[in-house]
Amino acid sequence: MGQYAAPGAAGSVVEYRSRYDHFIGGEYVVPAKGGYFENPTPITGKPFTEMARGTAEDVERAIDAAESAVSTWGRKSPAERAGILLSIAERMERNLEKLAVAESWENGKPVRETLAADIPLAIDHFRYFAGALRAQEGTLSQVDEDTVAYHFHEPLGVVAQIIPWNFPILMATWKLAPALAGGNAVVLKPAEQTPASIHVLLELIADLLPAGTVNVINGFGVEAGKPLASNPRIRKVAFTGETTTGRLILQYASENIIPVTVELGGKSPNIFFNDVAAADDAFYDKALEGFTLFALNQGEVCTCPSRALVQSGIYRDFTADAVARTKNITPGHPLDTDTQIGAQASNDQLEKILSYIDIGKQEGAKILTGGSRVELGGELSGGYYVEPTIFEGHNKQRIFQEEIFGPVVSVTSFDDYEDAMRTANDTLYGLGAGVWARNGNTAYRAGRDIQAGRVWVNNYHSYPAHAAFGGYKQSGIGRETHKMMLDHYQQTKNLLVNYSESAMGLF
Amino acid sequence: MNTPAPQRVAVTDQAAELIRRLVEQHGHVMFHQSGGCCDGSSPMCYPHGEFRTGVNDVHLGALEIEGVAEGVEVWMSGPQFEYWRHTHLTIDVVSGRGSGFSLEAPEGVRFLLRSRLLTSEELAGLET
């Protein structure tokens, strides 16, 4: 297939502008304080555009625009709103390569993934919520012969969305599609590591959206995110990120008494029972791939299967095969379609991963493969690359308990089913888990006993719309990628109607 | 001479210098150690009192920094501490661009934890 030209280079399928302002009320608006910040690509470490450095003044303007748009948007018929979501999906589909290369350049992930997963999933997401909205119905309850309770879905109003950097366009879509379907107007703040690719999307779809329904404020969390999350005019906040910021957002929400959905990550176990290796066949091959998925997206996935639990009967051979499979992962230029692992998203992310590899070694965990930064040379020498790394250790070590958010898996063995469940659930989090077994009863029981919101059985890292995604325990509140999320963006209006001509007889 | 009491947290000179600057801009500050995804597993720095600690948070210590009047408190959630209590934590700083609401992000740098195992003598002193 070859390598895509870098944005801005001759022959590239996408151009970034040299500067992006805030997108407010359907147009680009210069930041109130006039500040900008540089946005580097993690592929080379070099800046490629600059972004508006938003402040509270910009947030207020964006909320003004959203407030003036929301009543019209919320009153549009479901068919009209769904139609716009379908048009967005179609526009994205026609520009798939452009969006895929833009996201890869900004985030550092292989373009192979953005072409095959991130952007197609985002497109399908808009379609799913268009369909979910059209199929949504209110309910009615007949309370007695003369009294009927009607339940209507009504929008919340202006909602705030704070987007993570690991899937800049897909994660924005996970939040935008249900919010818009539900009739809300949005003020969205992308992560400061990946603030630009959403603007490539906006350029493609801005004419489809009524002015003010989607507003994008760029900037730093402390300067723009906090005034947004704490603003009393915001009716709901959606956040994906880590626990301390999640708590802070919940704290601000408690001051304004508004709902929040938070997705805060995990330390997901990937469990391989003995019978996985009952035959050296296609299923065994699939299970090995399932193990190796810890390196997908450079491990920068909230559900990274970063703890592998392998039953003792197959531990030695399965782990050896998994190490060999991991060594086959192809590193390289993220815009090369053959590259399977790209760059970590930022320098501080790289440093954090290396600090965890260090504490893993200090705690006595053994490195089975990897363990180092990678120097790819040439123009990539300033980028942030890490070898896929497998540690062998035990579940009390910090590398088994903390989300490293890098291509690092920690492997341990278990003796029996109870041992597996005990280890799997010995974690603060409960976002994802994987179960691999040929015995369907074992797989089912394990899937039910693991305290996590998403358990993949004999597969992993699939994120289709129509399957609910969200956390147990400290992994958060709410369920995305499903019509359940429409409920998180709507409130219930009950009309309690009495059709009797007679007084109640009380006074 | 008495040996100094063992500590759970420390700060590098570079991080101390950054904290001094942040205190000049924002007043007294605090840290809360994050868990979870994206920018998690990193120390978050806030104006003191901005992040409300609760009964389930653990006070790991206060960083004494020259030129900063009060010790800078470092906190972590209690359940997280149970998995971390055997390690000593040093707050460092690296270049980069964290998100979250931590105060240093606009400076183009990010606080980072470096860890080492506490010695048995330190643990004995800390856990009594």
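Applying the selection to region B:113-128, what residues are among the small types (Gly, Ala, Ser) and either under 16 Å from the mean Cα position of the chain (by Cα) or part of a loop (DSSP other than H, G, I, E, B) (or both)?
B:115
The set of residues from region A:247-265 being crowded, with 24+ Cβ neighbours inside 10 Å and facing chain B (nearest Cβ under 7 Å) comprises A:248, A:264, A:265.
Among the residues here, residue A:437 qualifies as in contact with a helix residue (DSSP H, G or I) (Cβ under 6 Å, 6 or more places away or on another chain) and in contact (Cβ under 8 Å) with a residue 12 or more places away in the chain. For residues that are within 17 Å of residue B:74 (Cα to Cα) and either part of a loop (DSSP other than H, G, I, E, B) or within 7 Å of chain A (Cβ to nearest Cβ) (or both), tally how many sit in region B:101-112. Residues that pass the stated criteria total 6. Screening region A:358-374 for residues that are assigned to a helix (DSSP H, G or I) and touching a helix residue (DSSP H, G or I) at 6+ places or on another chain (Cβ under 8 Å) and picking the one that is farthest from the other protein chains (Cβ to nearest Cβ) gives A:360.
Could you please give the count of residues in region A:1-24 that are surrounded by 18 or more Cβ atoms within 10 Å (Cβ to Cβ), in a loop (DSSP other than H, G, I, E, B) and either touching a residue at least 60 places away in the same chain (Cβ under 8 Å) or on the phi > 0 side of the Ramachandran plot (or both)? Qualifying residue count, region A:1-24: 5. Consider residue A:65 carefully, then state whether it is over 24 Å from the mean Cα position of the chain (by Cα), in the same structural domain as residue A:192 (by the TED database), under 25 Å from residue A:159 (Cα atoms) and crowded, with 23+ Cβ neighbours inside 10 Å. It is true that residue A:65 is over 24 Å from the mean Cα position of the chain (by Cα), in the same structural domain as residue A:192 (by the TED database), under 25 Å from residue A:159 (Cα atoms) and crowded, with 23+ Cβ neighbours inside 10 Å. For region A:182-221, a tally of residues being out of contact with any Pro (no Cβ under 7 Å at 6 or more places or on another chain) and more than 13 Å from residue A:21 (Cα to Cα) returns 19.
On the basis of being at pLDDT 95 or above and of a type outside the set (Ser, Thr, Tyr), does residue A:328 make the cut? Judged against the criteria, residue A:328 is a match. The test for being buried (at least 24 other Cβ atoms within 10 Å of the Cβ) and either more than 14 Å from chain B (Cβ to nearest Cβ) or without any contact (Cβ under 8 Å) to a residue 24 or more places away in the chain (or both) holds for residue A:342. Among the residues making up region B:74-128, those that are within 20 Å of residue A:35 (Cα to Cα) and aliphatic (A, V, I, L, M) are B:103, B:105, B:109.
Just one of the listed residues (A:445, A:438) is in a helix (DSSP H, G or I) and surrounded by fewer than 21 Cβ atoms within 10 Å (Cβ to Cβ), namely A:445.
The values are calculated or read from the model by the stated rules, or taken from the named source; none is laboratory data. As the structure is a computational prediction, the values presented were derived from the model and not from experiment. When we count neighbours, we look across all protein chains shown, and the Cβ atoms used for this are built from the backbone with ideal geometry, even at glycine.
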